[in-house]
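Heads up: the structure comes next, in structure tokens.
The values are calculated or read from the model by the stated rules, or taken from the named source; none is laboratory data. Predicted model only: the values in this text are computed from it and were never measured. Positions of Cβ are backbone-derived with ideal geometry, glycine not excepted, and every protein chain shown enters the neighbour counts. Ligands, DNA and RNA are excluded from the accessible area calculation, which covers all protein heavy atoms including side chains. Shrake-Rupley method; radii C 1.70, N 1.55, O 1.52, S 1.80 Å.
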Amino acid sequence: MQMTNQTNPTVNLYNGAIGRLLCQTTIRSDMVYFVNGERTPLLLRVVPNHLHTLASSGFGARHWQAILLFVGMMINYFQRVDISAAIVPMTQSTAGAPYYSWDLSDKSLILSSFFWGYVVSQVPSGLLAKRFGAKIVLGSATAIGGVLSFFHPMAAANGWESVCVLRVLTGLVQGTVYPCVHTLLAKWVPRTERGFLTTGIYSGAQFGTAVILVTSGFIFESSMGWPGLFYLSGGLSLGWALLFFWQAADEPATSRNITKAEREYIESLTGSNSSSQSMPVPWISIFKSPAFYGLLAAHCGFTWGFYTLLTEMPSYMSKVLQLDVKSNAFLSSLPYFAMGVLCLVVSPISDLLINRGVISTTTARKLFNSIGQWGPMACLIGLGYMTADEKTWAILLLTLAVGINAGCSCGYLINHIDLSPNFAGPMMGVTNGIAGVTSIVAPLVVGAILTEEEDPSQWRTVFFITGAVYLVCNTLFVIFGKATVQSWNEPKNLSSTIALRNNFENDSKTIAPTTDKDNRF
């Protein structure tokens, strides 16, 4: 293990004597050491062994926060996905519920209008979360989105234009979700648990999508009809917001239910400065960073593919595979259950490989993101040649195309926190906002290609375009991506002090050895 100061000669830390000497030393926050060949702030990893053992075992406040955020992701995806599930019965007679004669162009506009508001609110949401705290911003936005859900059936009766307006407003409040959650993760998730806890929280998006799709078929055929889907989404959103305001905290220091040992453990391993709310965002440095553009490309590729399938899969299963409403709803949910489960499988594998020093963090991010985008690319190529006579194979390929996306949860999705724990929220706002443009464009491109929804050859074109986007975007991430804390994470001349306690070598149990092979990335 090697520690270097940006201005001082290299110091080799390899025995307990040096560790005990450093216990009396003032450490600047711009001093770094290298784990697996990757630049890491010194303050990030100084954790006394007894504190690490005590705080890292058992159920803690950070795990309760993770559960709250997991459920919150599910609820917010109810608001986001309900229109994708409901658009089919809204345009055909089902269980006596009202239906409307909207053409394919109208439906494409309804599906894409959510992202018009979603894109606009991303960067402001990140800045608001950084300035006022993510708890108040996320909780309020979820509650407002719940209220908007109640008005969807009324809007539909007034025409598709009214539905578009509500979807834009829903997009505005939903744009707060990822920047706020990333801001909270940067404060709450220790580096050694980043893969599992972060992926576990974000898997709520997939489980939320799956739950809303699998239950929607039963709701559509019940006495409530498709309007019941929006009423349930709204009620659950309001209930979760109340629970979140009561139990959540912006950071460990403000939590009412955390032990001192766990708080110190988290703060020592997050790399997020306690004064980051007042730190100006280094926009120029961010936009000059090649690693940022690699991250942006990966985010755009995932978003194009994920939302193309999310918004169009029910129509594909209905028109090409000729499935009824209930079968369509269940089978449309299957890929997202698969993705949610795989998220919980790949994340501990990623953490294990990194923490044991098998591969560097940068290599792990690139590896898993490549699995998450190039794997689905291959599935979509095969899916382009499926017909109604090959339902089983088509459903299998669709399930794999979405499920294997789970690799991205250990790739680009947590890369913002890798690059800059202090500015993960604003960075997520930028990349998610720009990637959100692809969410607008993708349904419109599909609508332009699909003049006949029953024609498999036109769907083949849609799948091939999506595969090409995956190929190009992940290639850029492999070339330019990094997973090291960037120099602009901390402002210049910022200094802080810390006493290194209980023999520095004890921390080596959480630091993987560095080998020459780890310096290749």
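Counting only protein heavy atoms and a 1.4 Å probe, region 235-316 has 40 square angstrom of accessible area per residue. The residues packed around Ala141, meaning those with a beta-carbon under 13 Å from its beta-carbon, carry a net charge of +2 if Lys and Arg are +1 and Asp and Glu are -1. In the context of the full set of protein chains, residues of region 320-385 present 37 Å² of accessible surface per residue (probe radius 1.4 Å, heavy atoms only). Checking the Cα-Cα distances for Lys107/Lys187; Lys366/Lys391; Lys187/Lys482 against a 30 Å cut-off, the pairs over it are Lys107/Lys187; Lys366/Lys391.
As a fraction of the 1.4 Å probe accessible area of region 355-489, surface on carbon and sulfur atoms comes out at 70 percent. Extension gain, Arg131-Arg256: 0.36 nm per intervening residue step, less the Cα-Cα distance, totals 42.9 nm. Taken per residue, the accessible surface of region 148-226 reaches 27 Å², heavy atoms only and a 1.4 Å probe.
Assuming R0 = 45 Å, what is the FRET efficiency of Leu344 and Ser93, from their Cβ-Cβ distance, to the nearest 0.05?
Efficiency for this residue pair is about 0.70.
Highest average first, the peptides 74-86, 461-473, 358-370 ordered by how many other beta carbon atoms sit within 10 Å of their residues are 74-86, 358-370, 461-473. Once the chain from Arg356 to Ser457 is taken as fully extended at 0.36 nm per residue, the excess over their C-alpha distance is 31.6 nm. Region 114-139 and region 460-481 have Cα centres separated by 28 Å. Of the trypsin sites (Lys or Arg not before Pro) found in region 278-357, the ones in coil according to DSSP and having at most 13 other Cβ atoms within 10 Å of their Cβ are Lys288, Arg356.
Ordered from largest to smallest accessible area (heavy atoms of protein chains, 1.4 Å probe), the residues Trp246, Trp102 come out as Trp246, Trp102. One chain, two ends: Trp246 and Ile284. Fully extended at 0.36 nm per residue, the span grows by 9.9 nm beyond their Cα-Cα distance.
Return the carbon/sulfur percentage of the accessible area of region 55-133, one whole number, probe 1.4 Å, all protein chains in place. Mind dumping the intermediate values first?
Details: 1790 of 2740 Å².
Of the solvent-accessible surface of region 55-133, carbon and sulfur hold 65 percent.
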